[in-house]
Amino acid sequence: QQRAIPNTHRPQGATTEVKITLQDSSELDVTIRPDGTCSRSGTAGTDLARWDYRRTVLRQDELSGFIHDTKGGKYSALLPLLGLDSLETAAENLRQLAKVVETQSRVKLTRSRLTEVNNRRELALPKHSDDDIRARIEALYAAYCGEPEPHRDPVSLCRDIEVAIENRIEQSTADQRRQAALLDVAASEAVTLGRRLRTKSVTPVEPLVERGVAVLQHAALFVGELAISGEVPCPACGRVIEARAFKAHVEAENRRLEEIITSFKARTEDLADLNVALRTLKALVAKPDLAGWWNDLTSGPLSADCEYLLSLDPAGLQDKLGLEDLAEVESKLQPILEAARLSSREAPRGAHQLSDDKSIVTLARSILTARPDDEACTRVEAFLDFLSVLEIGIRDEIRLRSQSVIDRISQSIQRMWTILHPGEAIEAVRLYVPDDVHKAIDLSLQFHGVEQDSPRLTLSEGYRNSLGLCIFLAMSQRDEDRDQPLFLDDVVVSMDRNHRGMVIELLQREFGNRQVVVMTHDREWYAELRHQLDGGTWAFGVLKPYDSPALGIRWSRSTTTFDDARAQLAERPDSAGNDARKIMDSELATIAERLQVRLPYLRGDKNDRRVAHDFLSQMIADGKRCFQRAVGPTLESATGELVLLNEVDRLLLSWGNRASHSHDLVRPEAVKLIAACEKALEAFKCSSCGKPVWFSDAVGPEWMQCGCGQLRWRYGKA
């Protein structure tokens, strides 16, 4: 609900816009329309457009999301950052191009049909060359149509012969047509194909066999690097093989699996043939010429077989065809074909001849028209092989280049991890490209000396987020030559106190020359950073709590977080006073550490449970000797500042504690308490230079001062 995207209470006719001014006075103006679209103007627009979001901004959800993502997801996230997304686009375009070519050319379907034609040719015309088939067609044409015209196309001759044979069948008597149809039924190859399929190996493990082939292909890459002695487990079959015999074993295993794959492909082709044969048989028995014969068959002993044939769905049967299904096809259809053969024995010689000639002509036409299709398939398959080789080459180049970049990045990741987690038993943190998967990147590490291929099952949520932060910063570090800031949005929310304290050290050591914007909801961590970081190089800002859409989110004039307390004054003054006391607890703890205030030792964790009064009472006591303000050439006790500290201590003991333990604090008291807390913290800041009293160590021993030397704390006097 900032006055940007979107403001639900934007006045009618007002403009929603964002204005950004950079240090070199360049500007970017973004005007946002009601529908969410925007227009940009200004001299900084070109520079900002070159900022890579993934290398510039890191948000909490992106931090954990990357670590939890799959290997492919990490690959997609990192590849643009590695500068290899153009190669990945090229490889993906080649893959998609191959799919489109394969789909539009229907090369697999055409190749399957050509294989079916070739199988039928081997059965019906085993020793006939193309010239022999042409000669036979010409002879049949002469028998049925007369002498063919010179140089006539053999395919057109086949069509004329088929028409002539059909005409003779139509002109023949009903009994002759019936006999010809019976011959066609008896010649069905459905049972023969089913029996052939049943003799071949039928197994559901084809994907596993193909996987074994892929594993062996990778195994062949390191065969030549094996030692001449020792044993090696085969990644495909699991057997332990002598290293010297491993190469021969890989080759033999590869041949064996490839033969199995070949048999699978042959079986697929036979299934397609069976599908066609079953559809043809169903069409034949439905011919009107066989109506009487089929009625007699369905009312006799073969009624169940006839019902099975009519209920067959060849396409559905092909998807689930097992040994039992094939046996059922053979047992149910064989009696029908035998009945057709018995009934066709009485057919005259002419009917037999017409049926045989028609089958030969139909097959010959398929063979003659298959030649151009075969040549076209060969060209398409060669082109697909070419595309595949290109894609493999590009992916190999991606792997080679990404591995080189990843090796360099992994060194940065390990160095940053060591800064965040010094002396811990998690080592060798690195990115790696898996050998067995395309388009994959993952993380590995050593957890207490044990190699882990992924951090997801070993590291806690905080550790995983630390790891994601290191990866992001390592990737961002590759852009050191570009003047580009870093935005870290609440990235320490799941880190414990000691690790989040190291985040700023990491940024100072590794990104001291970059502008870094850190955003956090953690008030305590913000207080620590405000006191620990150099005010000369770091600026601090606090957003006021959200009030209404009319105001939106606004910057506070103060760098403390007392506005959070003020936001509750109207509804809960006691909560406002309690928040003010909690803010003072964390702020004064950090200030006491910077001023090296000596406090009494407390046993156990009571040292970490001190409250504002514990710090204030010691600061007031030490301040009479240690806290000084320059008045002209002399140094005097900072009595005015000590008065403010005494005042806030008194109010915290009375009203602050009452706000924490009761509901009796009223609004005027809470307002005064918050104001006193702010003034007390301002007492440690110089009114002249604006720097805190601990800004720098002075020349003398055991004392510190602000930037101009007007305000000093001589901790050596305590």
Write down the accessible area per residue of the range 385-433 in Å², having rolled a 1.4 Å probe over the full set of protein chains.
49
Length gained, Ala14-Asp132, 0.36 nm per residue minus C-alpha separation, equals 33.6 nm
Relative contact order as a percentage, the range 511-634, C-alpha pairs under 8 Å and 6+ apart, gives 18
Using a 1.4 Å probe on the protein heavy atoms only, what accessible surface does Glu505 show? Give it in Å² to the nearest 10.
70
Sorting Leu48, Ser26, Thr37 by the position of each Cα along the dipole of the range 15-54 (Lys, Arg +1; Asp, Glu -1; all at Cβ), the one nearest the positive end of that ordering is Thr37
For Lys624 paired with Trp538, estimate the spin-label separation in nm (one decimal), with each label point 7 Å from Cα along the Cα-to-Cβ line.
3.5
In the range 93-131, trypsin sites (Lys or Arg not before Pro) in a DSSP loop with at most 16 other beta-carbon atoms within 10 Å:
Arg106, Lys127
Short version: ³J(HN,Hα) in whole Hz for each residue of the range 535-548, in order, from phi by Karplus 6.51 cos²θ - 1.76 cosθ + 1.60 (θ = phi - 60°), x for Gly and Pro, what are they?
x, x, 10, 10, 10, 10, x, 10, 8, 5, x, 5, 10, 7
Of all accessible surface on the range 569-631 at a 1.4 Å probe, what whole percent is carbon and sulfur?
46
Distance in nm between pseudo-label sites at Asp356 and Asn295 (7 Å out along the Cβ direction from Cα)
3.3
For the charge dipole of the range 589-648, defined by +1 on Lys and Arg C-beta atoms and -1 on Asp and Glu C-beta atoms about the Cα centroid, which residue among Val611, Ser637, Val648 has the Cα displaced farthest towards the positive pole?
Val611
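Suppose every K and R has +1 on its Cβ and every D and E has -1 on its Cβ; what is the size of the dipole of the range 632-706 about the Cα centre, in Debye to the nearest 20?
Computed charge dipole of the range 632-706: roughly 280 debye.
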Need one number: nm distance between label points at Leu342 and Ser388, each 7 Å from Cα along Cα→Cβ, rounded to one decimal.
5.1
Protein-only accessible surface order, largest first, of Thr458, Thr46 at 1.4 Å
Thr46, Thr458
Computed accessible area, Thr21, all protein chains, 1.4 angstrom probe, square angstrom
90
Pull up all non-local amide H partners of Ser696: gap of 5 or more, or a different chain, and H-to-H distance under 5 Å with H placed in the peptide plane.
Gln705
Accessible heavy-atom area order of Phe615, Phe447, highest first, probe of 1.4 Å:
Phe447, Phe615
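Work out the FRET efficiency for Val517 and Arg415 from their Cβ-Cβ distance, taking R0 = 22 Å, and round it to the nearest 0.05.
It comes to 0.45.
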Starting from 0.36 nm per residue, how many nanometres of slack lie between Asn646 and Asn167 once their C-alpha separation is accounted for?
160.3 nm
With a ≥ b ≥ c the root eigenvalues of the C-alpha gyration tensor of the range 450-540, is it rounded (a/c under 1.5), prolate (a/b larger than b/c) or oblate?
oblate
Theoretical FRET efficiency, 1/(1+(r/R0)^6), r = Cβ-Cβ of Asp35 and Thr56, R0 35 Å, to 0.05:
0.85
Using each residue's phi in the range 394-408, evaluate 6.51 cos²θ - 1.76 cosθ + 1.60 at θ = phi - 60° and report the 3J(HN,Hα) Karplus result to the nearest Hz, with x for Gly and Pro.
5, 5, 5, 5, 4, 4, 5, 5, 5, 5, 5, 5, 4, 4, 5
Show the residues, 5+ positions off or on another chain, whose built amide H is closer than 5 Å to the amide H of Gly42.
Asp29
Find the relative contact order for the range 621-718 and round it to a whole percent, using C-alpha pairs within less than 8 Å whose residues are 6+ positions apart.
30
My understanding is that a pair violates if its Cα-Cα distance is over 22 Å; which of Lys624/Lys672; Lys582/Lys679; Lys606/Lys679; Lys544/Lys606 do that in this structure?
Lys624/Lys672; Lys606/Lys679; Lys544/Lys606
Once fully extended, how much extra length lies between Val101 and Gln596, figured as 0.36 nm per residue of separation less the alpha-carbon to alpha-carbon distance?
170.6 nm
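The values are calculated or read from the model by the stated rules, or taken from the named source; none is laboratory data. Model, not experiment: these values are computed from the prediction. Heads up, the Cβs are rebuilt from the backbone with ideal geometry, glycines too, and the neighbour counts pull from every protein chain shown. These area figures cover heavy atoms from the full protein model, side chains too; ligands, DNA and RNA do not enter into them. Shrake-Rupley method; radii C 1.70, N 1.55, O 1.52, S 1.80 Å.
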